[in-house]
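I have placed the structure first, in the form of structure tokens, so that the comments after it can refer back to it.
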């Protein structure tokens with residue numbers, strides 16, 4: 001049974017340019033899927049359609065058998081609670097502490113008043129510390145986020161996504177602003193989300209090699225269309241050229 | 001190619017200076033302003049200042065009354081600023097692109113801010129004088145209205161700058177609008193907001209003197225009274241105490257800024 005079904009998805013921000021055209025794919029529960037493609041191919045837009053951070057123009061997305069495009073306010077909130085999101089620039093509140101930022105992930109479950117008063121129960125706090133411990137940044141829990149390095153901030157971002165108890169985690173270029181070492185740590189953590197917790201991961205990536213190494217399956221996007229969809233061993237150089245266009249590929253190898 | 005551009009720029013700069021000189025001469029000519037006359041009058045004016053604007057023993061006796069009026073003015077400025085800040089925060093959140101609820105409210109907030117900002121405080125004081133009469137409420141309202149305009153504008157900028165990315169992240173977690181504003185937008189822009197409020201308190205103490213002259217309240221009224229009764233020694237004392245007060249407030253707010261930022 002597919003957790004996520006994207007059917008003939010189309011998106012245009014204005015009448016002229018269509019960012020996504022007839023995108024079709026399924027994601028099963030527990031899969032680790034990478035989406036690769038050149039800049040401007042529509043990767044970020046695709047991800048943001050899934051949790052309706054941008055509205056859907058055509059087609060439909062089924063998440064857990066719900067039609068995403070038709071959800072009303074309350075159900076949309078419920079949907080977003082089920083989908084965690086990790087960003088390229090971490091998108092934390094820099095002036096707040098690590099633990100506060102992690103607990104932000106619980107707002108989806110809170111009434112307005114509970115959230116404003118910051119009422120979190122012991123279980124939630126324990127869970128937050130457990131996640132920080134798992135991600136190896138427990139000792140920074142009371143530090144302000146702007147004092148952490150990029151790699152550490154991204155781990156806070158992952159903790160915030162995980163404390164939501166999501167069924168799916170969307171990662172938008174999670175390692176694009178990080179050095180190779182931190183990138184490896186982040187990718188290892190993301191991989192363990194799927195392998196240990198069984199949470200499905202959908203990751204936008206720039207680096208083909210990284211996608212190759214970590215994914216169960218790769219989706220290649222070019223100019224808003226899916227040009228490749230298959231297990232990572234099927235992604236040959238020939239197919240990569242089709243995703244990126246030959247010239248780009250030559251640039252990388254030089 | 002580059003050389004030509006550089007040469008062109010040099011020419012433009014020269015032309016600009018010539019233009020400024022020409023405009024200066026023209027405006028001096030139109031307004032009958034004579035620089036030499038102004039300069040020759042200078043020593044005499046200085047002499048007058050030193051002869052008359054001296055703080056004497058006699059004027060020092062008036063110090064308690066002056067200080068009383070001064071504190072009244074300072075507290076009125078603070079009250080006007082803080083109450084205006086509350087309204088501005090609401091308008092700022094409505095007006096900012098990242099946190100606005102809908103277009104109509106956003107435009108309304110920006111419009112209110114623009115109108116109250118672009119009419120000078122003095123003009124507000126005179127307009128409100130007609131409807132509210134000569135009392136401290138008028139002075140308070142004049143400062144309040146001007147402050148709302150300025151602070152709303154400043155808050156919109158602070159909010160836009162500080163919190164776009166975290167608003168996106170919290171929306172994606174399923175947080176409600178009130179959660180997002182309270183837990184991401186406000187904590188992130190708070191230092192900026194406080195800094196602007198402090199700045200506005202300083203500015204308002206200065207404006208309060210002028211507004212006071214017009215509305216007949218606070219230290220401005222005291223100043224006006226002594227001025228019109230030609231008690232220049234007391235005028236000097238009033239001016240001096242205002243300057244001291246403003247400097248103290250400025251030092252204080254600089255210190256607070258350093259601590260919070």
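Computed values, structure above
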item: Fluctuation leader among A:185, A:56, A:218 - chain A, Gaussian network, Cα springs under 10 angstrom; result: A:185
item: Euclidean distance between Cα centres, the stretch B:4-83 to the stretch A:114-128, Å; result: 58
item: Per-selection metrics, chain B (Cα): Rg and Dmax in Å; result: 24.3, 74
item: Residues B:119, B:30 arranged by fewest to most Cβ contacts within 10 Å; result: B:30, B:119
item: Ascending count of other beta-carbon atoms within 10 Å, so fewest first, for A:103, B:105; result: B:105, A:103
item: Relative contact order of chain B, pairs being alpha-carbon contacts under 8 Å that are 6 or more residues apart, as %; result: 25
item: Gaussian network model of chain B, springs between alpha carbon atoms under 10 Å - residue of B:27, B:165, B:195 with greatest fluctuation; result: B:27
item: C-alpha long axis of helix A:122-134 to longest principal axis of chain A, angle in °; result: 50
item: Antiparallel DSSP beta bridges within chain A, percent to nearest 5; result: 55
item: Kirkwood Rh in Å, taken over all unlike Cα pairs in the stretch B:118-261; result: 17.6
item: Pairwise centroid distance, computed over Cα atoms, of the stretch A:30-107 with the stretch A:165-203, Å; result: 14
item: Whole-Å semi-axes of the ellipsoid equivalent to the protein assembly as shown (Cα gyration tensor, √5λ, descending); result: 60, 30, 22
item: Virtual spin-label span in nm between residue B:26 and residue A:13, 7 Å along Cα→Cβ; result: 4.5
item: Cα long-axis angle, helix B:232-260 against chain B (0 to 90 degrees, to the nearest 10); result: 20
item: Coarse-grained scattering of chain A at q = 0.12, 0.15, 0.16 Å⁻¹, given as base-10 log I(q)/I(0) from a Debye sum over alpha-carbon atoms; result: -0.71, -1.10, -1.22
item: Cβ-Cβ FRET estimate between residue A:216 and residue B:102, R0 fixed at 41 Å, reported to 0.05; result: 0.45
item: Crossing angle, helix A:150-162 versus chain A [Cα axis fit, 0-90 degrees, rounded to tens]; result: 80
item: Most mobile listed residue (A:164, A:147, A:114) in chain A, GNM with C-alpha springs under 10 Å; result: A:114
item: Bridge type composition, the protein assembly as shown - antiparallel percent by DSSP, nearest 5; result: 55
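Since every read-out is calculated from the coordinates, none of them should be taken as a lab result. Because the structure is a prediction, the values reported are computed rather than measured. Glycine also receives a Cβ, built like all others from the backbone with ideal geometry; neighbour counts cover every protein chain displayed.
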